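Quick one: structure below, then a few questions.
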Amino acid sequence: MRIETKRVYDPPAVGDGYRVLVDRVWPRGVSKEHAVVALWAKEVAPSTALRQWFGHDPEKWIEFTRRYRAELAANGQALAALRAALKGKGTVTLVYGAKDREHNQALVLRAVLLGA
C-alpha cells in the first residue's frame with residue numbers, strides 16, 4: 001500500500017486514490033463535495049486536548065509526535081479498524097486541514113500505518 005498526505009484544501013486528484021480525512025473536526029469552509037473523502041477517520045485523529053496543546057507549533061513537534069503515537073497505541077481498536085478499511089485500497093491519501101505541510105498529524109499517522 002502506498003500512503004500519501006495532502007491538505008484537504010488542495011484540489012483532489014485521480015492519483016489520490018482512497019482519500020481519508022484524519023481530522024477530529026470537519027475543516028472550515030470545505031464542502032463534502034470538494035473534500036472528496038471516502039472515509040472520515042476522526043477516531044484516530046489527535047484528541048482535542050492534544051490538538052489544542054500543539055497548536056501547530058513546530059517547536060512542540062517532537063513532543064506532539066510522542067504524545068500522538070501514545071494516543072494511537074492506546075486506541076488500538078480504532079487504529080485496527082482503519083488498517084482494515086485501508087486493506088487492498090492501493091494508493092491511500094490521508095487528508096488534513098492544517099496549513100503546515102511538515103508538522104501535522106497525517107505525517108505521524110502515515111508513519112504509524114507504515115510501521116515506522
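The values are calculated or read from the model by the stated rules, or taken from the named source; none is laboratory data. Source: prediction; values computed, not measured. FYI the Cβ positions are ideal-geometry reconstructions off the backbone, even for glycines, and counts take in every protein chain you see. Please note that ligands, DNA and RNA were not included when accessible areas were found on the heavy atoms of the full protein model with its side chains. Shrake-Rupley method; radii C 1.70, N 1.55, O 1.52, S 1.80 Å.
Among the residues of region 62-97, write down those that are open to solvent by less than 10 Å² (accessible area, probe 1.4 Å), within 18 Å of T48 (Cβ to Cβ) and touching a residue at least 60 places away in the same chain (Cβ under 8 Å). Show your work before the answer.
Pass one, region 62-97, residues open to solvent by less than 10 Å² (accessible area, probe 1.4 Å): 64, 68, 72, 82, 86, 92-96.
Pick out the ones that are also within 18 Å of T48 (Cβ to Cβ) and you get 64, 68, 72, 96.
Residue satisfying the conditions is Y96 alone.
What pairs can you find where one residue is in region 45-61 and in contact (Cβ under 8 Å) with a residue 24 or more places away in the chain and of a type in the set (D, E, K, R), the other is open to solvent by 70 Å² or more (accessible area, probe 1.4 Å) and not in a helix (DSSP H, G or I), and their Cβ atoms are less than 8 Å apart, with a gap of 6+ or different chains?
What qualifies is R51/R24.
Related question: May I ask you to say which residue of L94, L82, L107 is within 21 Å of R2 (Cα to Cα), assigned to a strand (DSSP E or B) and hydrophobic (A, V, I, L, M, F, W, C)?
Result of the check over L94, L82, L107: L94.
Need pairs with beta-carbon distance below 6 Å; first residue β-branched (V, I, T) and within region 24-44, second surrounded by 13 or more Cβ atoms within 10 Å (Cβ to Cβ) and assigned to a loop (DSSP other than H, G, I, E, B); sequence gap 6+ or separate chains.
V30/V8; V36/P12
Now a separate question. Would you tally the residues in region 8-26 being buried (at least 17 other Cβ atoms within 10 Å of the Cβ), out of contact with any Lys or Arg (no Cβ under 6 Å at 6 or more places or on another chain) and either modelled with pLDDT under 95 or at negative phi (or both)?
Quick first cut of region 8-26, residues buried (at least 17 other Cβ atoms within 10 Å of the Cβ) only: 8, 16-24.
Keeping just the survivors that are out of contact with any Lys or Arg (no Cβ under 6 Å at 6 or more places or on another chain) gives 8, 16-17, 19-23.
From the residues that got through so far, the ones that are either modelled with pLDDT under 95 or at negative phi (or both) too are 8, 16, 19-23.
Total satisfying the criteria: 7.
Still on this model: Determine whether region 72-85 contains at least one residue that is touching a helix residue (DSSP H, G or I) at 6+ places or on another chain (Cβ under 6 Å) and within 24 Å of S31 (Cα to Cα).
At the first step, the residues of region 72-85 found to be touching a helix residue (DSSP H, G or I) at 6+ places or on another chain (Cβ under 6 Å) are 72, 78-79, 82.
Next, only the ones that are within 24 Å of S31 (Cα to Cα) stay: 82.
For region 72-85, residues touching a helix residue (DSSP H, G or I) at 6+ places or on another chain (Cβ under 6 Å) and within 24 Å of S31 (Cα to Cα): present.
Test V44 against the criterion of being buried (at least 17 other Cβ atoms within 10 Å of the Cβ), touching a strand residue (DSSP E or B) at 6+ places or on another chain (Cβ under 7 Å) and of a type outside the set (D, E), and give yes or no. Full working, then the answer.
On the way: buried (at least 17 other Cβ atoms within 10 Å of the Cβ): yes; touching a strand residue (DSSP E or B) at 6+ places or on another chain (Cβ under 7 Å): no; of a type outside the set (D, E): yes.
No, not satisfied.
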